[in-house]
Each structure stands twice: as C-alpha cells, then as structure tokens.
1. Pro241 - would you say it is surrounded by fewer than 19 Cβ atoms within 10 Å (Cβ to Cβ), free of Cβ contacts under 8 Å to residues at least 40 places away in the same chain and assigned to a loop (DSSP other than H, G, I, E, B)?
2. When only residues in the range 134-173 that are among the hydroxyl-bearing types (Ser, Thr, Tyr) and surrounded by fewer than 18 Cβ atoms within 10 Å (Cβ to Cβ) count, which is farthest from the chain's Cα centre (by Cα)?
3. Go through (1) in a helix (DSSP H, G or I); (2) closer than 24 Å to Arg214 by Cα; (3) free of Cβ contacts under 8 Å to residues at least 60 places away in the same chain one by one and return the number of the condition Ala78 breaks.
4. Can Ala179 be described as at pLDDT 95 or above and in the same structural domain as Val224 (by TED's automatic domain parsing)?
5. Please name all residue pairs, on different chains or six or more residues apart, with Cβ atoms under 7 Å, provided the first residue is in the range 34-53 and is assigned by TED's automatic domain parsing to the domain that holds Gln66 and the second residue is at pLDDT below 95 and among the acidic types (Asp, Glu).
6. Which one of the conditions (1) in a loop (DSSP other than H, G, I, E, B); (2) touching a residue at least 24 places away in the same chain (Cβ under 8 Å) does Arg125 fail to meet, given that it meets all the rest?
Amino acid sequence: MGDTSRPAGDGTVGKALDVLDEVARFGRPVRFGELLERSPYPKATLYRFVQVLTNQGMLAYDPDRQTYTPGIRLVRLAHAAWQSSSLAPIARPHLDALSADVGETVHLAQLDHAQVLYVDKRNAREPLAMYSQAGKIGPAYCTGVGKAMMAFLPEADIERVLLQQSYHRFTPATLTNEAALRAELAVIRKRGHAFDAEEHEPGIICIALPILTRTGRVLGALSVTSSTSRTSLEALTALAPRIRTTAQAIANEAQDWRFPDQPSA
C-alpha cells in the first residue's frame, strides 16, 4: 500500500489517502482484514484511518457484509474534478469526431503521478476487448499514451516519472528497463508520436500523440487503438496528422479555458 510518488511529509492526510487508494484498488467491497494484510500500518492505526474515512463519507460500510467501498462523497468530488480538472468535457466533441472518422477505439488520457489515467474512451465500430476503460489507471512505460506524455515532459519530471515505473513484463514486447525506455522516448520526441506495439496486451496496438499547450506543457495524450488482426502500425501511422489536428484543437480549447495550473500570460 502507498503511493511512492507522494511527497514526503504529507503526514496523516497522505496516509489516509493511501488507505482510500487501497480500498479503490480492490475494485470490490473489501473487508478490514484484507486491508490489514496489505497495509504497512499497525492494526489500530489502520482502523483509525478507516473509521475517519467512513465518518467523513469517503468510505461506505456495509454492516451486513462487514465490507468497505468508496463512499458517495467521492462521487461528488470525482464529478467536480471531472468537470474542472479533466480534459474530458472539453475533448468530448473532438473525440466523437475523431472516432467517427477513423472507426477505431479512441482514448483520452492524463498522467496521474507516474501512471496513466484514462479519462475518456470511444469504442471502435467493431469493439475490441481490452484493459483500458475510462477511470482506469494503467502503466505509463508500456502504453502509447503513457510514452507520448513522458517523452514531452520537462527533464526533471521525466527523471521523477522514470524512477517510479515498475517495468513489469506484460508481453514479450514490453520494455523492461529504464535504458530501453529512455531510448524510445528520445525517438518519440523526434517523430512526434508514440506506439504501443503489443507492449501492454498481446494483439493490441496503437498510435498516440501528446496534447500540448502552446508553450509545450503536457496536458494529456490521445490515441487510436486497434488490433494486429485487422490493421498494422504502418496503417495507424497514416492517422497521425488527423490525431494531431484533434490534439491541437483540444489543447487550444483547454488553454483558452485556462486549464488548471496553466500560468497566466
């Protein structure tokens, strides 16, 4: 349990958020004993955090099953964050148009610390079974959107994000060390787009481009995803200009809306 990307000194609030994250990671109602098995905190400390989170509506407790789930207060907070901090509301019409044009799965993603958060998705005309769904977290080092965003980060941020990658081998094509990833990020910066060449899921490929402000700040990434059974990376490469146009349109609207943490001119 715990987010190693969180700054040191966050204290009680940071620890409570770690507990909340852990409940969410289960993806189902979870018993206190299951949390305790994964927790770095003593039983009494963990219980105190769980009780506070429950009292505050951040967790919900089912007394019949004796399980915890994310609370309804989180739904309100998530909705507010989606409206004010996510690219999704701005990007929606652009994703619709891109999806209609290309007929393949379209993803919109942002970085969540050192991971990828899928904030929106449009299914292909003939949908494919794949891991990504809006609201899911994925690895950055072996996804097209993750690599597209990392490649255009400032150097200090790249260093921080690289140190937090797990380099787990999902497929034979997965990059499993920092040196290989650094080399690929350099290539991505030169050509302007990234690929997922079956690195996260067998048979799933994509092309991804960053969504950048006029000053080059990374807001997110956009990808078009398909399978090796019906297309190729070469064919997806032909879509790069269309994806770039969409990414630029989203970035322009986001910047004009003064996207959160955008410096004033």
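The values are calculated or read from the model by the stated rules, or taken from the named source; none is laboratory data. Keep in mind the model is a prediction, meaning the values are calculated, not measured. Using ideal geometry, Cβ is built from the backbone for each residue, glycine included, and neighbour counts are taken over all protein chains shown.
1. no
2. Step one: list which residues in the range 134-173 are among the hydroxyl-bearing types (Ser, Thr, Tyr), which gives 141, 143, 166-167, 171.
With surrounded by fewer than 18 Cβ atoms within 10 Å (Cβ to Cβ) added as a condition, the list becomes 166-167, 171.
Numbers: Ser166: 15, Tyr167: 16, Thr171: 20 Å.
Only one residue tops the list, namely Thr171.
3. Ala78 satisfies every listed condition except (2).
4. In short, yes.
5. Leu35/Glu22; Arg38/Glu22
6. For Arg125, the exception is condition (2).
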